[in-house]
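Written below as structure tokens is the structure these notes are about.
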Amino acid sequence: MLFDSHSHITDEKFKNDRDDVIKRAFDAGVKWILNPAVDFQSSLDAIELAEKYENIYAAVGVHPHDAKTLDDNLLSLIKSLAGKECVRAIGEIGLDFYYDNSPRDIQRHWFRKQIQMAKQVGKPIISHDRDAHGEVFDILCDEDAFENGVLMHCYSASAEMAKEYVKKGAYISLGGPVTFKNAKKAHEVAKVVDIDYLMIETDSPYLTPEPYRGKRNESAHVQYVAKRIADLREIPVELVAEKTTANAKRFFGIL
Ligand SMILES: [Zn+2]
């Protein structure tokens, strides 16, 4: 049984075949899926989907790309959604200094505000970090985010830093890039991170793993991430499945 800890099933790329995509995932051994939001509308959509499917859960929040759309009013609307039973995290939130779709100061401000909101509602956060490794870590420390729960989604920083995160009690999630031949950093992370703090994800429809690289990604493909991690650690894939699923269930509070 697999747990895809990060799959954007409500993305418009799935609008014509969403139910088929979900069925394929369940048929491929994926039993649980966490569907994160990127803005207010996708927060509403994630809740609607989670209320329809028993084993699909939602996160609500605003992605750093869309940080410029946030204001205090919208944040309190999102906070009011966060208390729902199907909402298991705030996310994805963080910093993206690769695309810089929102000004960096705006990203920093709303990352902090959303961490504070997560602590107020008692939900963990799903953190997005692209080319902002040092600053994401510093803000998480500064805001005392770790005791509330932190998941570093599609982790792309160094193995050394991953160990620092785990020391703080944060979880590390790996996605499609770990299946790429030249992804040396992700391979190192897959090998050294304490298996009790590891998760797997697709980040679908993005970051498609081998052997489907270049095509639209979907949750059924999380099995290739699990397989690659098992090969890198030289352990059975069943053990990777068992551990990463148990970790995700613990993190998201699923019995
Ligand atoms: Zn994502």
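The values are calculated or read from the model by the stated rules, or taken from the named source; none is laboratory data. As the structure is a computational prediction, the values presented were derived from the model and not from experiment. Note that we place each Cβ from the backbone using ideal geometry, even for glycine, and neighbour counts take in every protein chain shown. Remember, those area values only see protein heavy atoms, side chains included, never the ligands or the DNA or RNA. Shrake-Rupley method; radii C 1.70, N 1.55, O 1.52, S 1.80 Å.
Annotations
- Checked against the criterion of being in a loop (DSSP other than H, G, I, E, B), touching a Gly at 6+ places or on another chain (Cβ under 7 Å), modelled with pLDDT of 95 or more and closer than 16 Å to K123 by Cα, the candidates A37, A59 yield just one match: A37.
- Residues of segment 116-155 that turn out to be within 16 Å of the ligand (Cβ to nearest atom) and either open to solvent by 50 Å² or more (accessible area, probe 1.4 Å) or part of a helix (DSSP H, G or I) (or both), as a count: 3
- Some residue of segment 18-31 being within 25 Å of D131 (Cβ to Cβ) and of a type outside the set (G, A, S): no
- Residue within segment 162-171 that is assigned to a loop (DSSP other than H, G, I, E, B) and closer than 26 Å to I22 by Cβ present: no
- Apart from one condition, I235 fits all of (1) more than 16 Å from the ligand (Cβ to nearest atom); (2) β-branched (V, I, T); (3) surrounded by 15 or more Cβ atoms within 10 Å (Cβ to Cβ); the exception is (3).
- Applying the set (1) away from the ligand (no atom under 16 Å from the Cβ); (2) of a type outside the set (A, V, I, L, M, F, W, C); (3) surrounded by fewer than 24 Cβ atoms within 10 Å (Cβ to Cβ) to T179 leaves exactly one unmet item: (3).
- Candidates A28, A46, filtered to the one that is of a type in the set (A, V, I, L, M) and surrounded by 19 or more Cβ atoms within 10 Å (Cβ to Cβ): A46
- For segment 195-210, residues that are out of contact with any strand residue (DSSP E or B) (no Cβ under 9 Å at 6 or more places or on another chain), away from the ligand (no atom under 16 Å from the Cβ) and within 14 Å of Y155 (Cα to Cα) total 0.
- Lone unmet requirement of (1) closer than 26 Å to A58 by Cα; (2) touching a residue at least 40 places away in the same chain (Cβ under 8 Å); (3) of a type outside the set (A, V, I, L, M); (4) more than 16 Å from the ligand (Cβ to nearest atom) for G169: (2)
- Selection status of T245, in contact with an Asp or Glu (Cβ under 8 Å, 6 or more places away or on another chain), among the hydroxyl-bearing types (S, T, Y) and either buried (at least 22 other Cβ atoms within 10 Å of the Cβ) or assigned to a helix (DSSP H, G or I) (or both): no
- Residue match in segment 207-230 (condition: of a type in the set (F, W, Y), out of contact with any Lys or Arg (no Cβ under 7 Å at 6 or more places or on another chain), open to solvent by 10 Å² or more (accessible area, probe 1.4 Å) and more than 16 Å from S5 (Cβ to Cβ)): yes
- Residues in segment 1-34 that are away from the ligand (no atom under 16 Å from the Cβ) and in a loop (DSSP other than H, G, I, E, B): M1, K15, N16, D17, A28, G29.
- Segment 98-115, residues that are away from the ligand (no atom under 16 Å from the Cβ) and open to solvent by 10 Å² or more (accessible area, probe 1.4 Å): D100, P103, R104, D105, I106, R108, H109, W110, R112, K113
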